[in-house]
1. Check whether at least one residue in the range 79-96 is at pLDDT below 90, touching a strand residue (DSSP E or B) at 6+ places or on another chain (Cβ under 6 Å) and not in a helix (DSSP H, G or I), and report yes or no.
2. Restricting attention to helices (runs of 4 or more DSSP H) lying wholly within the range 134-224, give those where 1 or more residues are modelled with pLDDT under 90, over 26 Å from residue 99 (Cβ atoms) and of a type outside the set (Lys, Arg).
3. In the range 102-114, is there at least one residue being closer than 20 Å to residue 201 by Cβ, surrounded by 15 or more Cβ atoms within 10 Å (Cβ to Cβ) and in contact (Cβ under 8 Å) with a residue 40 or more places away in the chain?
4. Are there any pairs with C-beta distances below 6 angstrom linking a residue in the range 127-140 that is touching a residue at least 12 places away in the same chain (Cβ under 8 Å) to a residue that is of a type in the set (A, V, I, L, M, F, W, C) and part of a helix (DSSP H, G or I), with the two at least 6 apart or on different chains, and if so which?
5. Out of the residues in the range 173-195 that are touching a strand residue (DSSP E or B) at 6+ places or on another chain (Cβ under 6 Å) and over 21 Å from residue 85 (Cα atoms), which is surrounded by the fewest Cβ atoms within 10 Å (Cβ to Cβ)?
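The values are calculated or read from the model by the stated rules, or taken from the named source; none is laboratory data. Just so we're clear, the structure is a prediction, and the values are computed from it rather than from any experiment. Cβ placement follows ideal geometry from the backbone for every residue including glycine, while neighbour counts extend to all protein chains displayed.
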Amino acid sequence: MNRSAAAPLSRPVRARADRSTSLQQQGALRPAIGLGVASILLLGLAYAVATTGISAALFPVQAEGSLLLENGQVRGSRLVAQPFVGDGYFQTRPSAANYDPMAAAGSNLARSNPALQERVAEATRTVAAREGITAAQVPGDLVTQSGAGMDPELSPAAAAVQVKRVAGNRGLDVTRVQALVDAHTQGPQWGVFGQPRVNVMTLNMALDDVNRGHAASAAGPSAR
């Protein structure tokens, strides 16, 4: 009875076969490693450097965070809300994140949630008392939080109900303050998207500029 069986490889032949397999595996790994390194350098480094450089060249202000400067000092960003202390300032929307950009978030409470309804009702009473208006006259964006809690803009109606208070506390004419609000009111994006809005950050900075101008005028030439 004939039996056909492969003869066992001798030790030298087996060693050569093992080395050949190892070389083949190494040959397959080199392109994969090279491709991985090239991808990291091109997409992870070169692309990031190029896009950052292009954006900084084309949009230098936006690339730096749309910062607002005063006497060389950063006062804030036109993109991020912050609280203002004092009745001489326009107040922005409430923030569930306490105006902390590192904790940007909404309240995540449904409209049917009793806690949300109670908070909005309390905020409405507070705003109505502060502005000397009825609760029905309080615009919704003064008592509701934006999705991120960082919205720096108000509706023109929400700014309008604050004009009398701000003007009285700054010793300015109501029409002058309203003119500033109108000057800082932007229309819908590209005339199509969104609603008219007022940037509270830039508006309050403009108010400070007006008061400084009045103070310098009152002091006379000797103060300049």
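1. Yes; the residues of the range 79-96 include at least one that is at pLDDT below 90, touching a strand residue (DSSP E or B) at 6+ places or on another chain (Cβ under 6 Å) and not in a helix (DSSP H, G or I).
2. 200-219
3. Checked against the condition, which is being closer than 20 Å to residue 201 by Cβ, surrounded by 15 or more Cβ atoms within 10 Å (Cβ to Cβ) and in contact (Cβ under 8 Å) with a residue 40 or more places away in the chain, the range 102-114 yields at least one hit.
4. Matching pairs, first to second residue: 127/142; 138/127; 138/128; 139/157; 139/158.
5. 186
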